[in-house]
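Colleague: After the structure tokens below, expect a handful of questions from me.
Read the figures in this text as sums done on the coordinates, not as results from a lab. Quantities reported herein were computed from a predicted structural model and do not represent experimental measurements. Here the Cβ positions follow ideal geometry from the backbone for every residue, glycine too, while neighbour counts run over all protein chains shown.
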Amino acid sequence: MPQADTLPIPVKRALGKLGQDIRDARRRRRIPVTTMAERASITRKTLYRVEQGEPGVTLGVYATVLFCLGMIDRLADIADVRHDAIGLELENERLPQRIRKRKKQE
């Protein structure tokens, strides 16, 4: 498990934003910390760590919290091929320049 000080800065920022967004979503829904932790089957301390965007929290816990907020569909689409601009571009570069008709074998 990577330590917080060894993570790339964009990763730290993304996790921090994710945690803040989870916290805001919980608060918009008026769900108390204790209730949210119970629904996710985690401790209040773990929920606090999620809302801080700590990298040591497992992806499964983040996913469970998102599920409890009704936001799990977004997690399922993170690495969807439709959002992979670099992968699609590389794939397009490998397309053949010409397509030849195959000769019939007799």
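Colleague: Please tell me the relative contact order of the chain in percent, rounded to the nearest whole number, where contacts are Cα pairs under 8 Å and at least six residues apart.
Modeller: Relative contact order for the chain comes out at 26 percent.
Colleague: Send over the Kirkwood Rh of region 17-63, from the inverse of the averaged 1/r over different Cα pairs, rounded to one decimal Å. Provide the component values of the computation, followed by the final result.
Modeller: Working: mean 1/r = 0.0957 Å⁻¹.
Computed over Cα pairs of region 17-63, the Kirkwood hydrodynamic radius comes out at 10.4 Å.
Colleague: When P(r) over Cα pairs in 5 Å bins from 0, in percent is calculated directly from the model, which label among (1) 2, 14, 22, 22, 17, 11, 6, 3, 1, 0; (2) 2, 10, 17, 17, 13, 10, 7, 5, 4, 4, 3, 3, 3, 1, 0, 0; (3) 2, 12, 17, 17, 14, 12, 11, 7, 4, 4, 0 fits?
Modeller: Label (2) holds the value from this structure.
Colleague: May I pose another question? Is any residue of region 1-42 close enough, with backbone N under 14 Å, to a label point placed 7 angstrom from the Cα of GLU93 along the Cα-Cβ axis, and if so, which?
Modeller: Nothing falls inside the zone, counting backbone N under 14 Å.
Colleague: Sticking with this structure for a sec: Which residues in region 57-97 place their backbone N less than 12 Å from a point set 7 Å from the Cα of ASP24 along the Cα-to-Cβ direction?
Modeller: In region 57-97, the label zone of ASP24 (backbone N under 12 Å from the point 7 Å along Cα→Cβ) covers no residue.
Colleague: Would you mind estimating how fast region 57-99 diffuses translationally, via Stokes-Einstein at 37 °C and 0.692 mPa s with the Kirkwood radius over Cα pairs, in µm²/s?
Modeller: On the way: Rh = 12.8 Å.
D = 257 µm²/s.
Colleague: Let me ask something else. At 20 Å minimum axial length over the Cα atoms and a Kyte-Doolittle cut of -1.0, report the qualifying DSSP H helices in the chain, or say none.
Modeller: Numbers: long enough: 9-28 (28 Å, -0.94).
Counting only whole DSSP H runs, the qualifying helices are 9-28.
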